[in-house]
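Quick notes on the structure that follows.
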Amino acid sequence: MSLSKSLLFPRLKVASIAFRAIQTSSSLQSGHHIEYWWGHEKAAGREVVGHGVSGEPVYQDRLDYWYPAIRFRVDDETSKALREKEKGDWKNLSVDDKKMLYRYSYRQTLAEFEAPTGYWKVITSIVFFVISCATFYAIFLNRFVYPALPPTFDNDYKEAAIERQLVLEKGQFLGPAKYYDYEKGQWKR
């Protein structure tokens with residue numbers, strides 16, 4: 001016998017409600033295009049015109065799927081009159097009427113959706129700011145936190161260590177002794 005999730009995880013329900021409240025009207029990032037997604041909570045009063053990309057009644061501006069499941073705006077008196085005119089001959093509609101019908105169904109045109117937003121400037125400035133902060137932090141650490149280099153990094157110390165190895169490993173066939181000629185007192189060529 002198992003307990004329900006609400007009894008096992010009482011805080012999970014509160015977290016999911018809070019997450020759902022945040023998720024009902026948010027902007028999602030897809031490449032460099034911003035998508036607008038309105039969930040079930042905001043679908044009330046809007047006409048369902050299709051099944052959408054996922055089969056749920058949500059409004060979503062997407063470049064790969066242009067047709068949302070619901071209309072962008074809630075119907076009011078103006079839109080209802082236009083919808084009645086729309087059922088007739090489209091030659092009787094003015095250009096402003098057609099534009100208004102479009103704006104009741106969609107948030108923006110494809111040209112508006114694909115227009116550059118200039119958001120790359122914000123991203124670039126943030127990247128350069130982070131790089132400069134990291135550079136100044138590294139300079140601070142090298143200057144004030146890390147100790148000076150130990151004497152083992154000096155060239156004199158390295159030469160003395162190699163001479164010590166040559167003396168201690170005389171006659172061995174591996175290591176620096178292999179490349180040193182003890183009779184002539186110089187490195188083999």
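Bear in mind these aren't lab numbers, they're just calculated from the coordinates by the rules spelled out. This one's a predicted model, so the numbers in the text were calculated from it and none came from an experiment. Here Cβ is always computed from backbone atoms with ideal geometry, including for glycine, and neighbour counts include all displayed protein chains.
Annotation: amide H of TYR180 within the under-5 Å range of LYS188, sequence separation 5 or more or interchain, hydrogens built in the peptide plane.
With a Cα cut-off of under 17 Å and a minimum spacing of 8 residues unless on different chains, the lysine pairs in segment 134-189 number 4.
Counting only residues at least eight positions apart within a chain, or on another chain, the aspartates and glutamates with an alpha carbon under 13 Å from that of LYS99 are GLU86.
Loop-located GluC sites (Glu not before Pro) across segment 116-187 with a Cβ neighbour count of 10 or fewer within 10 Å are GLU183, with loop assigned by DSSP.
Cross-link reach is defined here as a Cα-Cα straight distance under 20 Å, omitting same-chain residues fewer than 8 places apart; for LYS121 the aspartates and glutamates meeting it are GLU35, GLU112.
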